[in-house]
Structures are given as structure tokens and as C-alpha cells.
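Single-structure report; data block below.
Laboratory data are not the source of any read-out in this text; all were calculated from the coordinates shown. All values derive from a computational prediction rather than experimental measurement. Neighbour counts run over all protein chains shown; Cβ positions are idealised from the backbone, glycine included.
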């Protein structure tokens, strides 16, 4: 799906010749938020009362539409709730981001939409503008899908967005616009990959799509096929992929900054299970179709690398996508197998449905072998993450510095992650009688299941490497109705967090 065009305008919002104009509405007294002064004035004091008659409350994310009947140039006014009047010059960034996304999505069918939302004219303006731009571009996303006929009543997403700012010629505002286009394009690409039907995105094809996009972006690309994986000692990836007729892949994407003598080296690692049946330890049938999203971590890493190629940060970044399909068959790996991983460690398999940690262990060990100062891995790893933290908050484990980088970045961009411990007793429960480590708790105890994943992955990180594991089993895929700037399906989490981390470094 084509991304909407973006432009900045500083002329009177009441005079903008667009199909619809969006303003903010504050809770309680239904006061139009800053940025809508000229529009409120055009209604001669009747705007609040009219919106109240239409049922508006100003609650965060609430969308109310009003025909302007010539009062302003735009024929349609959309008021989006932003909650209580903020203590500072603008609402909370995530409230603004979600509200903008909801408003733009509700305006599907409009060719051109203007946003007259609260943007302060101070040092905080770039961050607020970034939230508005990202919310608008992501909230209007829709997966193209596979329908053979146009759906009745289905309207095309907004085609062009005009964002009202104090000064359209401001260099900082222009830079935010360019960045938002790059970041949103990456998130939308990841969403597209996650939303593809699993028969359309098996491991070789996923690897080909990522490699082609990365090559066009100017990244160095390495793709290892099954024979190369076997020869290279990637026992975890081979084991998980051997049950499928579509063989596994490991994709490495590399960005090298220009003019930096000894840049910090950052590795991003993503789980790319294009479909997860659970293998021999097969999953229940109910809801299994959502397992097409088990490659959301790899999609996020691949798309983040595309954005990094465009944003050109001053650090060296390599992305590793461990791609396989976990299927039951006569050649599938089994509970009881002992697998030799890339770093030489031997793993006793107890549950073939804990396949993500097997492919990630190889990819993380390879990243360390290549040389990394920081390693950030993301995956839809455990149902325990959803049980513990729900659908919005990722589980976060690793070294102190790296986890704090991720937590802080997630708070900034609206992708929260909560640090979790890696207790010694969890590792003790994963001791094996015959190998170096069990893949899961040796007593088959699911207590601390999310923590077991983090403890296992720690075995594949070299000493001295700052690392973090981001479990996005909940946030990586949104199964419910669209909300805020999340649409149904892939979310693109945690791309914006990873980019924020890289820019911070």
C-alpha cells in the first residue's frame, strides 16, 4: 500500500482547501486544543456546543465528525479527543500519536487531510511534531491483502496529509518530516511482511524479499542457505527448519557509516519463524493461524535496517534474521534430540514448540563472533510474556546498560518494555543430564516461562557484549480491532525502539 504524501503548512487552518481538517479536543469543557483557534473562531463560539450535541467527550482517541457547511474551507471537521487539558504546552506524546492515528484512519476515503493539532513553538516542538507525523502515517496503514474484488463500502486510505506548523520553512520541522517518512515506511514494510499469508511467505521467499529490499537500500547482504547453514554449524536453525520442505535461511544485513574511524558495533537479531505449528509438540488448532506472525521479530529487524540505511547513524549496525518454518514431519526434530549450536554448546530439546530460542541462539552467537559491542534481539518468543505483561508491554531481559537503553527508548517512542530478572534458580532448572543446557525447564515446569527464554539466550552472548532480549509475543501482533495507530495485524513493534536506541548510541 502506498504511503501518504506529507507536507508542512503554516497558513490559516480555517482556509486550507482540503477534504477534511483534524483538530484536537480536550476532555471536560470540550475546549478545542491549541492549533484550532481560527477554526473555533469561525464557528462564532458554537463549536463546543455542536460537538457536545454529537456526543463528543474529548476522551483520548475519540473521533467526532462534523460537516462544516462552509464555515471553514474544509467541508468536514474531525475533532479527536486528547484527554484532559495538559499541564504543559502539549498533550502526552503517546496520547497525541494515538489520537492522530485514529483520526486519519477514520478519514479513509478522503484524498487530502490537514492536521491542526497542538504543536508548541519551543524546544519540545520536534518531539511533538514527530508524534503527530508518525501517528498519522501509521494510523492510516492498511494491508493490501488478497481480495479479488473491491469490497463494498471499503474506502481507500488518506492519500495526502498536510500538517499545520508554526513555520513551514523551519529546518528542524523539515528534518522531522523526512525522518517520519523513513521510519513509517519501515514500520509499514514490516507490517506488510507480518500480514502476508504464510503460504506466500515461506523462508526462502522471505529471505529473498528482505535481501532485495536491503540491496536497493544500499546495505551489504549475505544469505546462507540450508547447505551453508549445515556446513557452518548452525545446528539450531537447521534443526528447527528440517521438518519443512521450505528450507531455512540466515540473512545478514550490514550498514557501515562513512567517515567514522572506529564506530560502535551494534547487532540486531530477529526471530523469523514464518509459521509455527509447534512441530512435533504441536500447538492447539484454535488460533494457530496467528502463528504467521512468528516472524515479527525478523520483520522488525529487516525493516529497521532499511531505515538505518536511510538515516545513516554514526554507528556500524548489522542485522541478523534467523528464518525457518516449524513443521511436523518425518524429518522434524524431536523432544530428546541433542543439538550442537553455532557456538559449540549442546542443547537437549524438550519441546519443539520452543523453537525460537534455537534459531536465535545460533544467530546471536554468529553476531558475537562477527564482533558486536551491543546486541539487541527481538522475538515473539513466549506466551509467558503475554501472561505477565499483556499485549502492549514487551518483556525485557539482558545486561543492565542495554536493557536501560531499550526501556528508555521504548518510553520515548510509545513502545513500552518492562525489565525482568534472569534468576539463578531458573538457570538451575534448565540443567541437563546429558548436554550443556536444556532448551526449557528440565522438570517441564512452565513457571517463569518468559524468564527461561531469556536465560537460555544468555548462553549465546559473549562476555563483554551489552545485550538485551525484547519479547514481543503480545505487542508484535494486534489481533483485535484497530486502535490508535495500530491496525489489525502486524504492528511493527519494536522498530521505532530499535531506531531510537541506535540513534542514542
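Over the chain, what is the percentage of antiparallel beta bridges among all DSSP beta bridges, to the nearest 5?
Percentage antiparallel, nearest 5: 40.
Just to be sure I understand, if you calculate Rg and Dmax of the Cα atoms in Å for this structure, which of [x] 24.8, 96; [y] 23.9, 80; [z] 21.6, 73 do you get?
Read-out taken from this structure: [y].
If you wrap region 232-295's Cα atoms in a convex hull and average its projection over all directions, what's the area in nm²?
6.6
Which whole-number percent is the relative contact order of region 221-275 (Cα, under 8 Å, 6+ apart)?
In percent, rounded to a whole number, it is 37.
Shape of region 372-493 from its Cα gyration tensor (a ≥ b ≥ c, root eigenvalues): rounded if a/c is under 1.5, otherwise prolate when a/b > b/c, or oblate?
Here region 372-493 falls in the oblate category.
Remind me, relative contact order of region 188-504 in percent, using alpha carbon pairs under 8 angstrom and six or more residues apart?
It rounds to 21 percent for region 188-504.
Label region 424-505 by shape, choosing from rounded, prolate and oblate, from the square roots a ≥ b ≥ c of the eigenvalues of the Cα gyration tensor; if a/c is under 1.5 it is rounded, and otherwise prolate applies when a/b is larger than b/c, oblate when it is not.
Because a/c hits 1.5 or more and a/b fails to exceed b/c, region 424-505 counts as oblate.
Give me the Kirkwood hydrodynamic radius of region 150-272, using the inverse of the mean 1/r over all pairs of distinct Cα atoms, in Å to one decimal.
18.3
Tell me, in nm to one decimal, what length is gained between residue 53 and residue 148 on full extension, where the rule is 0.36 nm per residue of separation less the Cα-Cα distance?
Residue separation times 0.36 nm, minus the Cα-Cα distance, leaves 30.1 nm.
With a Förster radius of 22 Å, plug the Cβ-Cβ distance of residue 178 and residue 111 into 1/(1 + (r/R0)^6) and report the FRET value to the nearest 0.05.
The calculated FRET efficiency here is 0.45.
Taking the 0 to 90 degree range and rounding to the nearest ten, how far is the long axis of helix 296-311 tilted relative to the main principal axis of the chain, both from C-alpha atoms?
60
Angle, helix 400-413 long axis vs. longest principal axis of the chain, Cα atoms, 0 to 90°, nearest 10?
Helix 400-413 and the main axis of the chain meet at about 30 degrees.
Against the empirical 2.2 N^0.38 Å scaling, what ratio does the C-alpha Rg of region 1-89 come to?
Working it through for region 1-89, the quotient is 1.09.
For residue 401 and residue 212, FRET efficiency with R0 = 56 Å and r from the beta-carbon atoms, rounded to 0.05?
0.95
Along Cα→Cβ, 7 Å out, is where each label goes; now give me the distance between the ones at residue 290 and residue 408 in nm to one decimal.
3.4
Starting from the Cα-Cα distance between residue 122 and residue 436, subtract it from 0.36 nm times their residue separation and give me the gain in nm to one decimal.
Full extension of this stretch gives 107.4 nm more.
Over region 259-353, what per residue volume does the convex hull of the Cα atoms give, in whole Å³?
Cα convex hull per residue, to the nearest whole number: 117 Å³.
At 0.36 nm per residue, minus the direct Cα-Cα distance, what do residue 167 and residue 29 gain on full extension? Give it in nm, one decimal, please.
46.8 nm
Quick one: P(r) of region 77-223 from all Cα-Cα pairs, 5 Å bins, percents rounded to integers, in order of increasing distance.
Pairs per bin, as whole percents: 2, 8, 15, 17, 16, 13, 11, 8, 5, 2, 0.
Stokes-Einstein at 20 °C, 1.002 mPa s, Kirkwood radius from Cα pairs: D for region 5-169 in µm² s⁻¹?
135
Kindly identify region 179-228 as rounded, prolate or oblate by the Cα gyration tensor criterion: order the square roots of the eigenvalues as a ≥ b ≥ c, call it rounded if a/c is under 1.5, otherwise compare a/b with b/c, prolate if a/b is larger, else oblate.
oblate
Hey, rough spin-label estimate for residue 483 and residue 262, points 7 angstrom out along Cα→Cβ, what's it come to in nanometres?
If labels sit at residue 483 and residue 262, their model points lie 4.8 nm apart.
Report, in deg cm²/dmol and to the nearest 500, the calculated mean residue ellipticity at 222 nm for the chain, where each DSSP H run with n ≥ 4 adds -39500 (n - 2.57) and the sum is divided by the residue count.
So the calculated ellipticity at 222 nm is -10500 deg cm²/dmol.
Working from Cα positions, state the angle (0 to 90°, nearest 10) between the long axis of helix 125-139 and the longest principal axis of the chain.
Taking Cα atoms only, the helix is inclined about 70 degrees.
Antiparallel DSSP bridges in region 5-169: what percent, to the nearest 5?
25
Quick one: which of 371-381, 225-235, 291-301 comes out on top by average Cβ neighbours within 10 Å, and what's the full order, highest first?
Ranked from most to least packed, the peptides come out as 291-301, 371-381, 225-235.
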